[in-house]
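Since the structure comes first, as structure tokens, the remarks are kept for the end.
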Amino acid sequence: MEDHRKSQWTTITSTRGKPVLIFANKPLLGDDDPDTKAQMALGQYLEAHNLRPTIVIHRGHSYHVKSTIDQMASTARIVVLGSCGGYNNLSEVLKISEDAHIISSKQVGTKTVNEPILEAINNTLVAGKDIEWLPMWRDLDARFQNDPAGKEKFDDYIPPYKNLGAIFIKAYRKAMDSE
């Protein structure tokens with residue numbers, strides 16, 4: 001079983017600060033959709049070990065985001081939709097995790113932006129601090145000031161506190177539940 005897991009995903013564990021476990025799927029190719037099978041196997045592993053993911057990151061191609069969302073745990077509190085047009089999937093995410101804080105791209109998702117965002121989240125968690133979106137986003141914005149191409153792409157990402165689509169969906173569902 002151990003070798004089988006290593007062929008489908010990798011596990012990263014923090015070596016300092018607060019314990020942080022990251023499970024990342026490996027890109028798998030094949031006619032029988034090995035990516036989806038690997039994701040299902042990872043879900044079964046997490047369930048068997050009573051591990052409840054609180055952050056879900058999709059940074060692959062947008063045509064794979066449906067599979068990511070379909071397998072997302074309801075325990076997800078932060079969801080990063082770093083693929084192209086991730087913003088179009090807010091409602092689907094909120095059906096599974098109604099209080100999720102969502103970071104999404106309106107246009108092109110890119111490693112240039114995804115990696116600094118993920119690094120900022122990870123560093124905050126390892127330091128044992130609460131995530132505060134306003135100062136984090138301000139720091140990220142400053143990081144891109146001297147990179148016009150990166151800044152343009154960064155400006156297409158929407159942080160949770162500005163994600164009006166998600167805020168509207170949450171408010172609408174809350175209002176409908178109270179009727």
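The values are calculated or read from the model by the stated rules, or taken from the named source; none is laboratory data. Predicted model, so just to flag it, every value in this text is computed and none were measured. Cβ atoms come from the backbone with ideal geometry, glycine included; neighbour counts cover every protein chain shown. Only protein heavy atoms, including side chains, enter the accessible area calculation; ligands, DNA and RNA are left aside. Shrake-Rupley method; radii C 1.70, N 1.55, O 1.52, S 1.80 Å.
Observations on the model:
- The residue that is surrounded by the fewest Cβ atoms within 10 Å (Cβ to Cβ), among those in the range 135-160 that are out of contact with any Ser or Thr (no Cβ under 6 Å at 6 or more places or on another chain), hydrophobic (A, V, I, L, M, F, W, C) and under 25 Å from Asn88 (Cβ atoms), is Ala149.
- Counting only residues that are in a helix (DSSP H, G or I), of a type in the set (Val, Ile, Thr) and either buried (at least 16 other Cβ atoms within 10 Å of the Cβ) or out of contact with any helix residue (DSSP H, G or I) (no Cβ under 9 Å at 6 or more places or on another chain) (or both), the range 106-118 holds 2 of them.
- Residue in the range 77-100 that is surrounded by the most Cβ atoms within 10 Å (Cβ to Cβ), counting only those that are assigned to a helix (DSSP H, G or I) and of a type outside the set (S, T, N, Q): Gly86
- Sole residue being assigned to a strand (DSSP E or B) and open to solvent by less than 70 Å² (accessible area, probe 1.4 Å), chosen from Ile103, Ile121, Ile57: Ile103
- Close contacts from the range 13-35, counting a first residue that is over 17 Å from Lys129 (Cα atoms) and a second that is open to solvent by 80 Å² or more (accessible area, probe 1.4 Å), with Cβ to Cβ under 6 Å and a gap of 6+ residues or different chains, come to Thr13/Leu21; Ile22/Ile12.
To keep it simple, each residue is scored yes or no on (1) at pLDDT below 90; (2) polar (S, T, N, Q); (3) in a loop (DSSP other than H, G, I, E, B).
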| position | (1), (2), (3) |
| --- | --- |
| His4 | yes, no, no |
| Ser7 | yes, yes, no |
| Ala24 | yes, no, no |
| Pro27 | yes, no, yes |
| Gly30 | yes, no, yes |
| Asp35 | yes, no, no |
| Ala41 | yes, no, no |
| Asn50 | no, yes, yes |
| Thr75 | no, yes, yes |
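- Given (1) open to solvent by 20 Å² or more (accessible area, probe 1.4 Å); (2) closer than 30 Å to Asp155 by Cβ; (3) not aromatic (Phe, Trp, Tyr), number of the condition Glu47 does not satisfy: (2)
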